[in-house]
Amino acid sequence: MDKLYISKQKINEIMVKKKIKTQTELAKLMGITKNQLSVILSGNFSPIKSNIRLLCEILDVNLDEIIEYKYKTSEQLNKYCIAEKKEKYDLKTITDDYLDLKEIDFYDVLNLKQEEYVDISEIKPLRGYNVVELFAGAGGLACGLEEAGFNSVGLVENNKYCCQTLRANRPKWNVIEGDVVNIAERGIRNFIPDINIDLLSGGYPCQAFSYSGKKLGLSDVRGTMFYYYAAILKDLKPKMFLAENVRGLVSHDGGKTLETMKNVFEEIGYKVEHRVLKALDYGVAQKRERVIIVGIRNDFCDIKYYPPRKFLYKPTLRDALKNVPKSIGAKYPESKRKVLDLVPPGGYWRDLDEEIAKQYMGKSYYSTGGRTGMARRISWDEACLTLTCSPAQKQTERCHPDETRPFTIREYARIQSFDDNWQFCGSMAEQYKQIGNAVPVNLAKAVGLSIINTLNKMELK
């Protein structure tokens, strides 16, 4: 389960709306001391009790996946919706006892109505939109944006094997092989055609910043990969940008890292928002979550971005690997294979005999947390856990449901929703790394279409 914390920024925004001027005043209304409130608002405070946290870790779920909001009658639910100034839900889909999260989206009940998402099923670009991508990797994000309708005019990547992969599959793409630092310093315009850029995309590494107790601007984050993404954004000034990153960015350094990034983007001249999206919600048979940060240039600030509406069907491993082509793949050491032979589909280390589990896990057996990735065999009827860069790595096993082996290269690619025709270059280990680091293609396509929806509105403005 990801770390949860109370957002001080959101609390301050609500305080303004409620005309609560200070934290001292808020603490008084709560009947607690200001010091107690400060502890609650600190990045180290968890609003979730430890046993609930442990439950989520063991089941390998997030809190919103196991919560139900209960109402005695449908009429009470209606009163709730009216009180919150929301439209009435269709009560035909709701039982009289409770609001089932399978029937109504969890985020609808909290704050976000379906109108806060966009149905991407009918979206088509009004023209060919141009995108430049940084940190392109093996092309997962680029493939998804291409399928959405974007025209790639430049992809910056430093890893030579990734560049080989991109060129082998798309010979006409402008693959800019080199260090993003040098490219930013020389000027990105020297590497791409002299045309208008609609979107800058890419996933830079998540790095901590040095704060010294002040709000940081662009010049303060120099030396990080984020700085060079932001510098190129400032240079290109496209209508929109898309930055994607790991789920942990939301809580990294108590949320200050993400807050700083958004501040820098705003300084450059963009209206910014972020969302955590689950790949499983967009046609990917994998429990992978990514944070997306989307910016709209200030001269279009009256236009709002809406993320893609979740798909109804959640694919399973069986869906992803149907008729998958044969390919090379890693093997487990004999000692690991013997242990995993004892684990049933959908099982993990808790299905082992206690003594075998202790011997296999070592000190990890006595550590806290669910450790659900250890000795894990995936079931055909579930989505795969997040793929790693090394399929036989200890503590992150992703064993095939029927055979005691890691997933092959083509199975890995299928789970990441790459087309079977997309080939990966380099050694087997390098190919696993490229696939494991990629943005799932279907997730990228869904986000791409939601961005095209916004760009279409700009065209009609």
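Throughout, read-outs are computed from the coordinates displayed, never taken from laboratory work. Since we're looking at a predicted model, the values are computed, not measured. Glycine gets a Cβ as well: all are built from the backbone with ideal geometry, and neighbour counts include every protein chain shown.
Here are the numbers for the structure shown:
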item	result
Loop GluC sites (Glu not before Pro), the range 387-461, which have at most 14 other Cβ atoms in a 10 Å radius of their Cβ (DSSP)	403
Neighbourhood net charge (13 Å Cβ-Cβ; Lys/Arg +1, Asp/Glu -1) for residue 19	+1
Total formal charge among the other residues, if their Cβ is under 14 angstrom from that of residue 356, Lys/Arg +1 and Asp/Glu -1	0
Packing-based ranking, highest mean first, of 200-206, 293-299 given that Cβ atoms within 10 Å are counted	200-206, 293-299
Low-density loop cleavage sites - chymotrypsin sites (Phe, Trp or Tyr not before Pro) in the range 249-302, where at most 16 other Cβ are within 10 Å (DSSP)	none
Neighbour-count order for 170, 186, fewest beta carbons within 10 angstrom listed first	186, 170
Those trypsin sites (Lys or Arg not before Pro) in the range 319-397 that DSSP places in a loop and that have at most 11 other beta carbons within 10 Å	322, 326
Extension reserve of the residue 419-residue 327 stretch, reckoned as 0.36 nm per residue once the Cα distance is removed	31.7 nm
